[in-house]
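A short write-up of the structure that comes next.
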Amino acid sequence: MQIRAAQGTEADILSALALRSKAHWGYDAAFMAACVEELTMRADEITCRRTTVAEQDGRIVGFTTLEGRPPTGVLGMMFVDPHAMGQGIGRLLFEHLRANARQLRFAQITIDADPQAEPFYRAMGAVRTGSIPSGSIAGRMLPQLLLALQPQTRASPERS
């Protein structure tokens with residue numbers, strides 16, 4: 001498994017992956033059609049959205065975006081290909097995003113989650129803070145979560 005920065009040329013691959021991942025949860029065709037714009041990655045956004053991919057056997061199996069400026073960042077997108085779910089890829093991507101956010105001096109990350117993903121984010125340490133309207137579906141509310149980032153500390157040398 002390799003975690004690396006995404007390339008602009010991978011925008012179409014990431015968009016298709018996001019749609020497959022969202023569809024995995026059983027949403028109907030009308031719902032999915034309403035989500036296309038929001039789930040589309042554009043080549044010129046890859047770098048500014050700090051897009052990271054997980055690659056396995058030469059194939060992209062997941063990705064995240066870390067958006068915003070310190071002190072508050074946004075987990076804009078996080079998707080794992082359905083065939084790769086349950087293999088720890090989401091956890092690896094999330095931990096990489098968390099470490100990257102700390103390095104960039106973010107104090108916290110907000111997450112507007114799909115209801116299906118809320119348990120995962122809570123297991124990763126995020127706390128629900130409320131709800132926010134969906135950017136794609138009128139009248140639909142999404143869980144909003146917050147991940148506080150504690151500064152990494154170095155272990156003090158043991159004294160004898």
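Worth pointing out:
- Selection count, the stretch 59-89, where residues are among the hydrophobic types (A, V, I, L, M, F, W, C) and over 12 Å from the mean Cα position of the chain (by Cα): 4
- When residues of the stretch 117-148 are limited to those that are touching a Lys or Arg at 6+ places or on another chain (Cβ under 9 Å) and modelled with pLDDT under 95, the one farthest from A33 (Cα to Cα): P133
- A count restricted to the stretch 102-122 and to residues that are farther than 14 Å from L75 by Cα and either touching a residue at least 60 places away in the same chain (Cβ under 8 Å) or basic (K, R) (or both) stands at 2.
- Complete set of residues in the stretch 78-100 that are within 18 Å of D12 (Cβ to Cβ) and of a type in the set (F, W, Y): F79
- Members of the stretch 100-134 found to be among the hydrophobic types (A, V, I, L, M, F, W, C), over 13 Å from the mean Cα position of the chain (by Cα) and assigned to a strand (DSSP E or B), listed by number: V127, I132
The values are calculated or read from the model by the stated rules, or taken from the named source; none is laboratory data. Keep in mind it's a predicted model, so treat the numbers as computed, not measured. Every residue, glycine as well, gets a Cβ built from its backbone with ideal geometry; the counts of neighbours run over all protein chains shown.
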